[in-house]
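What follows is a short report on a single structure.
Taken together, the values in this text are just the output of simple stated rules run on the coordinates, not laboratory data. Worth saying up front: this structure is predicted, and the values here are computed from it rather than measured. Every residue, glycine among them, receives a Cβ derived from its backbone with ideal geometry; neighbour counts consider all protein chains shown.
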Amino acid sequence: MNRYIAPVILSIVVSAVLPAENAVSTPAPIQQSKADLLAGIQRAICYSGFRKGQHPDRGNGAVNPSSDEILEDLRIIHDDAGFKLIRLYDSQVNSETVLRLIKANDLDLKVLLGAWLDAEVNNPGCPWQTEPYTEEKLAANLIANRQEVDRAIRLANDYKDIVVAVAVGNEALVEWNDHMVPVDSIIRYVERVKQAVEQPVTVADNYDWWAKHGGKLAEKVDFVSIHIYPVWEQKDIDEAMSYSIANVQAVRNALPNSQIVITEAGWATTASEFGERASEAKQTAYFDDLFSWTKQMNITTFFFEAFDEDWKGDPSNPLGAEKHWGLYFIDRTPKEVMRR
């Protein structure tokens, strides 16, 4: 039985869980048309292929998976899990390898390509950033961000038949991040990419930022990309879908004319931060209910994520939530949701 809230009582749910500034007497319709689906695909997955001992370059060099490992992953994602659309987070070497392998092996996979943006300003609101970045580091990041945007443009043009959209930045605007970029800078990057590629361009960030602050940026992007995580906001599975719908409703109310794509939504299977709220059974329930509802709404939805990644989060806490969002364990064995 699906746990999402039926449209007839949606207005009650919205008024109960949304911040007051987002509450409206008549919620704007969430329903989209099939033309609003990204590449005509509703069901998608976030992919980062870093296995045990591997990690992306976040300043100290990358340890990337091999071509054989990436190809194995892509076959699991497509052949076993049944996805045809994946999200990549940057335009570094690893992402280029993914695109090359999709093309070389004629895989039926499309890609939402990312351009990762590092901090261009210090963010005193980040709870784990104990020391501010130096001016030299911020200046170096600015150069690196411009280079990353140029790489995304090149890859989008080199793989036009595979890359269906480009996301400029990931959670670089939300108040708690450690890689903040001013919205005006992101708008300049968006405009640069839009001038150089044929594909639609977006920016991926938390739903609450879009709902409260996203008006100016929404006018520049081709569609709005939102992240929703009820389990991070102290919700258990019995409230998961009503809260998720309310998150989307908040964005729709604020940006009624924007096409919406959910570029992250998921449920951790192990998490010291969540206790019993994290489990394979609850991930399975959220997976089913979320995709059922977004299918009705014609919202492309990227579930987070394909595989567990142990490089994320606190290295001293193997049970940390950041490491356990995959539909598959880090050794590529399937969790409950993929064993059915």
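Can you tell me which residue is farthest from residue 233 (Cα to Cα) among those in segment 151-188 that are of a type in the set (A, V, I, L, M, F, W, C) and in a loop (DSSP other than H, G, I, E, B)? Can you show your working first?
Step one: list which residues in segment 151-188 are of a type in the set (A, V, I, L, M, F, W, C), which gives 152-153, 155-156, 162-168, 172-174, 176, 180-181, 183, 186-187.
Then keep just the ones that are in a loop (DSSP other than H, G, I, E, B); that gives 162, 172-174, 176, 180-181.
Working: 162: 35, 172: 19, 173: 18, 174: 15, 176: 14, 180: 21, 181: 24 Å.
Checked segment 151-188; the qualifying residue farthest from residue 233 (Cα to Cα) is 162.
Regarding residue 323, is this residue surrounded by fewer than 24 Cβ atoms within 10 Å (Cβ to Cβ) and without any contact (Cβ under 8 Å) to a residue 60 or more places away in the chain? Yes, satisfied.
Go through segment 78-96 and give me each residue that's of a type outside the set (D, E, K, R) and either under 13 Å from residue 50 (Cα atoms) or not in a helix (DSSP H, G or I) (or both). So that I can check it myself, show each step before the final result.
The initial filter retains those residues of segment 78-96 that are of a type outside the set (D, E, K, R), namely 78, 81-83, 85-86, 88-89, 91-95.
Matches in segment 78-96: 81, 82, 83, 85, 86, 88, 89, 91, 92, 93, 94, 95.
So for segment 138-150 (the condition being under 18 Å from residue 95 (Cα atoms), touching a residue at least 60 places away in the same chain (Cβ under 8 Å), among the β-branched types (Val, Ile, Thr) and outside any loop (DSSP other than H, G, I, E, B)), does at least one residue qualify? Can you show your working first?
Here is the first cut: in segment 138-150, the residues under 18 Å from residue 95 (Cα atoms) are 144-150.
When the remaining residues are screened for being touching a residue at least 60 places away in the same chain (Cβ under 8 Å), the result is none.
No: segment 138-150 contains no residue that is under 18 Å from residue 95 (Cα atoms), touching a residue at least 60 places away in the same chain (Cβ under 8 Å), among the β-branched types (Val, Ile, Thr) and outside any loop (DSSP other than H, G, I, E, B).
Among the candidates 123, 94, which residue alone is of a type in the set (S, T, N, Q) and under 18 Å from residue 205 (Cβ atoms)? One residue alone meets the criteria, 123.
Of the candidates 211, 204, the single residue that is aliphatic (A, V, I, L, M), in contact (Cβ under 8 Å) with a residue 40 or more places away in the chain and farther than 22 Å from residue 120 by Cβ is 211.
Pairing residues of segment 84-109 that are closer than 11 Å to residue 67 by Cα and free of Cβ contacts under 8 Å to residues at least 12 places away in the same chain with residues that are surrounded by fewer than 19 Cβ atoms within 10 Å (Cβ to Cβ) and acidic (Asp, Glu), at Cβ distances under 9 Å and at least 6 apart in sequence or on separate chains, gives no pairs at all.
When you scan segment 295-306, do you find a residue that is over 25 Å from residue 65 (Cβ atoms) and of a type in the set (Ser, Thr, Tyr), even just one? Yes, because at least one residue in segment 295-306 is over 25 Å from residue 65 (Cβ atoms) and of a type in the set (Ser, Thr, Tyr).
For segment 275-304, what are the residues that are part of a loop (DSSP other than H, G, I, E, B) and either surrounded by fewer than 20 Cβ atoms within 10 Å (Cβ to Cβ) or β-branched (Val, Ile, Thr) (or both)?
At the first step, the residues of segment 275-304 found to be part of a loop (DSSP other than H, G, I, E, B) are 278-279, 298-300, 304.
279, 298, 299, 300, listed by residue number.
Scanning for something touching a helix residue (DSSP H, G or I) at 6+ places or on another chain (Cβ under 7 Å), touching a residue at least 24 places away in the same chain (Cβ under 8 Å) and among the aromatic types (Phe, Trp, Tyr), does segment 120-134 turn up at least one residue? Taking every residue of segment 120-134 in turn, none turns out to be touching a helix residue (DSSP H, G or I) at 6+ places or on another chain (Cβ under 7 Å), touching a residue at least 24 places away in the same chain (Cβ under 8 Å) and among the aromatic types (Phe, Trp, Tyr). Scanning segment 248-274 for residues that are part of a loop (DSSP other than H, G, I, E, B) and either surrounded by 23 or more Cβ atoms within 10 Å (Cβ to Cβ) or among the small types (Gly, Ala, Ser) (or both) yields 258, 266, 267, 268, 269, 271, 272.
Of all residues in segment 104-141, those satisfying the criterion of being surrounded by 14 or more Cβ atoms within 10 Å (Cβ to Cβ) and over 27 Å from residue 313 (Cβ atoms) are 107, 109, 110.
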